[in-house]
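Reviewing the structure listed below.
The values are calculated or read from the model by the stated rules, or taken from the named source; none is laboratory data. For clarity, every value in this text was computed on a predicted model and none was experimentally measured. Reconstructed Cβ throughout: ideal geometry from the backbone, glycine too, with neighbour counts over all protein chains shown.
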């Protein structure tokens, strides 16, 4: 009896592994197609009827449409025509800011800078031992001209000796400390000297006007030595007792003071004298005509110029 052959079937086990990157390409094509589809929907929704007819004509006859019309039926912002039109729109929609508004904004910005400098000085006074010692002699406020720092005399602690313009050693240290902060700003400064109402009688011809001016100039030298740049000084003025701090007590020590004003730019411009063509001459130096010159020469020769002079009043010298 024949023996049946034994058939052995072996099944291969399929191991899961890498399937390749073809699906990524297909997905990318699908995403691109969807993006193009949504772009078409967006253009269709935003296009005007004229643009839709232009697109329709382009697809019906691309060659004829290009020869007879624009190659860009819908301009997406790349053509020169759209750039020109958009620039016109920008020019027409530009907001014209008036000079008054610009000045107001500049004043507001400068006011904030003055307030910031005011806070810096207050903090420096609280932290610095030298300034802290003279805290009761420092008066700081903001005026229309700018930030004002007044150093006033106190009983028993004057800034200067009586009738002198030399600084006390402690006043010089005080000005040196203030100069460290004032020298860090770009604003111009004004220095003003003030005296009380007591007349100066130290030497002939020297009054409180000269004394207040000399004291203001001495303070200027101390500030410059302490760090203030020379070009920051806009003016140095002596006002004697014309602007008293305590009007009810003209001889009070507080009237003797040095005022330092960190000027606003507008204050500097207002105080600056006009020069150049804008300035009006005080004396007209226009050259006289030839006839006027000849008439003047004739009067000098015959002495008739004396007849044109008015008679002097009684007691008046006839030069």
* To do: Six or more apart or on different chains, Cβ under 8 Å: which pairs go from a residue in segment 129-157 that's at positive phi to one that's at pLDDT below 85? Could you list them?
  => 146/267
* To do: Within segment 254-276, identify whether any single residue is in contact (Cβ under 8 Å) with a residue 60 or more places away in the chain, part of a loop (DSSP other than H, G, I, E, B) and under 21 Å from residue 115 (Cα atoms), and answer yes or no.
  => yes
* To do: Could you please let me know if residue 238 is surrounded by 18 or more Cβ atoms within 10 Å (Cβ to Cβ), out of contact with any strand residue (DSSP E or B) (no Cβ under 9 Å at 6 or more places or on another chain) and either closer than 16 Å to residue 189 by Cβ or modelled with pLDDT of 60 or more (or both)?
  => no
* Asked: Filter segment 187-211 for residues that are touching a residue at least 24 places away in the same chain (Cβ under 8 Å) and out of contact with any strand residue (DSSP E or B) (no Cβ under 9 Å at 6 or more places or on another chain); which is surrounded by the fewest Cβ atoms within 10 Å (Cβ to Cβ)?
  -> 202
* Asked: Hey, residue 214 hits all of (1) crowded, with 16+ Cβ neighbours inside 10 Å; (2) closer than 24 Å to residue 267 by Cβ but one; which does it fall short on?
  -> (2)
* To do: Please verify whether segment 107-127 includes one or more residues that are loosely packed, with under 12 Cβ neighbours inside 10 Å, more than 20 Å from residue 181 (Cα to Cα), in contact with a helix residue (DSSP H, G or I) (Cβ under 7 Å, 6 or more places away or on another chain) and modelled with pLDDT under 85.
  => no
